[in-house]
Amino acid sequence: MINLFKPHIGKEELDALKPVFESGWIGLGPKTEEFEIKFAEYIGTKYAIGLNSATAALDLSLKLLNINHGDQVIVPTITFVSTAHVVAYNLATPIFVDVDANLLIDAEDVKRKITPKTKAIIPVHYSGRPVDINKLKEVAGDIPIIEDAAHAVGSKYKGKNCGNLGTLGCFSFHAVKNLTMGDGGAITTNNKEFYERAKRLRWLGIDKGTWDRTEDNLSYWWEYDVTEIGLKCHMNDIAATIGLVQLKKLDKMNAIRKEIAKIYTKELKDVVEIQTPLEDTEDSKSSWHIYCIKCLLRNDLSFYLKGKGITTGVHHKPIHLYKCYNNIPSLPEAEKQFKQILSLPIHPSLTEEEIDTVIWEIKSFYAMYKGVRGHLYGK
Ligand SMILES: Cc1ncc(COP(=O)(O)O)c(C=O)c1O
């Protein structure tokens, strides 16, 4: 089987875990703090807050901006449901906007949909490709921008890391993300108040973590205050330990992804039934979390590849088409592209032979189809 995604973890992560197991401290503690410092350093922000998912990061970001009932938050329709669900969880209304030809939030549609009730915009760096944030900021004015950077750890826009382009950045360290710790997430920000409040909110609103309370010089070590109500969504030291090892390897792992993407593009760009994704430029460097082609006969191709032991995916169905968001077609570009998109296998453990097999099978499929159903191609 050639996997679509695969976590790139092994002995180094296991070795790093041993002393943490032996230390007896596996909850929220010093490893989480170390990860936060190093991750903020990597992204280039003043602060990072370690959480258990990007869903929690997006949710907390909305809470930090005091978004509530009656507010509207603009989200692109091509994304994972988390991006919209967190808006609904916070009793606000997600306003879906269309995407451009690269499946990124369409700034023109954002402009049309901003109202006095718009309290935030959540652009998604879909597949790892940075959104043109300058263009979006022109449209957004003072409206805060929460970057959904779940796909974009290591992506760069004009030399700056995604996650350091807006008011708050939200990352995922889920099992198959470019930097994995099984499950995990983080908020990045340069705002000290957001940082301090997020650290309380991730731990039920409690103003001191249990690790902080082990400091020797605290006379009432058991005492804490709860200034506002939060839920529990912090990172733990097991996840953070894996994350610290992954962070060291991240640039290398992303470079392998980029090489795979280059090979796919080189080999597939002349296949007339396929449109390959945007290539990197000096101003826009992808983390290549997803390699998404647009293709004719998408469903047939994906079934054919499945039969050959190659897993593909479709990222993502436009969210406004889900029942819980009304299922009313209204965003034509996303609806059109949804029928054509297919994610090909991409992860650092993919072998050259596997890459060649994927390319060979895609080309074989179209050659075969042309032979049998030439009329489809107008021939
Ligand atoms: C664009 C996007 N946003 C948010 C998330 C949520 O991430 P997590 O699983 O860490 O909550 C995902 C997960 O795949 C995603 O793809």
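The values are calculated or read from the model by the stated rules, or taken from the named source; none is laboratory data. Values in this document were obtained by computation on a predicted structure and should not be read as measured data. Because the Cβ atoms are built from the backbone with ideal geometry, glycine has one as well, and the counts that use them run over all protein chains shown. Accessible surface areas use protein heavy atoms only, side chains included; no ligands, DNA or RNA. Shrake-Rupley method; radii C 1.70, N 1.55, O 1.52, S 1.80 Å.
Scanning the range 56-67 for residues that are in contact (Cβ under 8 Å) with a residue 60 or more places away in the chain and open to solvent by 50 Å² or more (accessible area, probe 1.4 Å) turns up just one, LYS63. Residues that are outside any helix (DSSP H, G or I) and crowded, with 17+ Cβ neighbours inside 10 Å within the range 240-274 comprise VAL271, GLU273, ILE274, listed in sequence order.
Picking from residues in the range 121-170 that are among the small types (Gly, Ala, Ser) and surrounded by fewer than 24 Cβ atoms within 10 Å (Cβ to Cβ), the one that is nearest to CYS292 (Cα to Cα) is GLY159. Taking the range 76-89 as the range and being more than 14 Å from the chain's Cα centre (by Cα) and closer than 19 Å to GLU333 by Cα as the test, only THR77 passes.
Every residue, every condition in (1) touching a residue at least 40 places away in the same chain (Cβ under 8 Å); (2) part of a loop (DSSP other than H, G, I, E, B), yes or no:
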residue: GLU138; (1), (2): no, no
residue: ALA152; (1), (2): yes, yes
residue: GLY166; (1), (2): yes, yes
residue: PHE171; (1), (2): yes, no
residue: ASN178; (1), (2): yes, yes
residue: THR188; (1), (2): yes, no
residue: PHE194; (1), (2): yes, no
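Only helices (runs of 4 or more DSSP H) whose full extent lies in the range 292-379 are considered here, and the ones with at least 1 residues that are within 23 Å of GLU259 (Cβ to Cβ) and open to solvent by less than 50 Å² (accessible area, probe 1.4 Å) are 298-307, 352-372. Only one of the listed residues (GLY29, GLY70, GLY44) is among the small types (Gly, Ala, Ser), away from the ligand (no atom under 16 Å from the Cβ) and either without any contact (Cβ under 8 Å) to a residue 60 or more places away in the chain or in contact with a His (Cβ under 9 Å, 6 or more places away or on another chain) (or both). That residue is GLY70. Residue check: is ALA16 small (Gly, Ala, Ser) and either within 16 Å of the ligand (Cβ to nearest atom) or buried (at least 21 other Cβ atoms within 10 Å of the Cβ) (or both)? No. Just one of the numbered conditions (1) under 24 Å from LEU62 (Cβ atoms); (2) open to solvent by less than 50 Å² (accessible area, probe 1.4 Å); (3) touching a strand residue (DSSP E or B) at 6+ places or on another chain (Cβ under 6 Å) is not true of LEU204: (2).
Candidates in the range 182-193 are the residues that are open to solvent by 10 Å² or more (accessible area, probe 1.4 Å) and under 29 Å from ILE290 (Cβ atoms); of these, the one that is farthest from the chain's Cα centre (by Cα) is ASN190. Cβ separations smaller than 8 Å between residues 6+ apart or across chains give the following pairs from the range 292-305 residues that are on the phi > 0 side of the Ramachandran plot to residues that are in a loop (DSSP other than H, G, I, E, B) and open to solvent by less than 50 Å² (accessible area, probe 1.4 Å): LEU297/GLU273.
I'd like to know if the range 27-42 contains one or more residues that are surrounded by fewer than 21 Cβ atoms within 10 Å (Cβ to Cβ) and among the polar types (S, T, N, Q). No, that holds for no residue. If you scan the range 196-208, which residues turn out to be assigned to a loop (DSSP other than H, G, I, E, B) and within 27 Å of the chain's Cα centre (by Cα)? ARG202, LEU204, GLY205 - these are the residues of the range 196-208 that are assigned to a loop (DSSP other than H, G, I, E, B) and within 27 Å of the chain's Cα centre (by Cα). Taking the range 209-239 as the range and being modelled with pLDDT of 80 or more, assigned to a loop (DSSP other than H, G, I, E, B) and either closer than 30 Å to THR180 by Cβ or in contact with a Phe, Trp or Tyr (Cβ under 7 Å, 6 or more places away or on another chain) (or both) as the test, the residues that pass are GLY230, LEU231, CYS233, MET235, ASN236.
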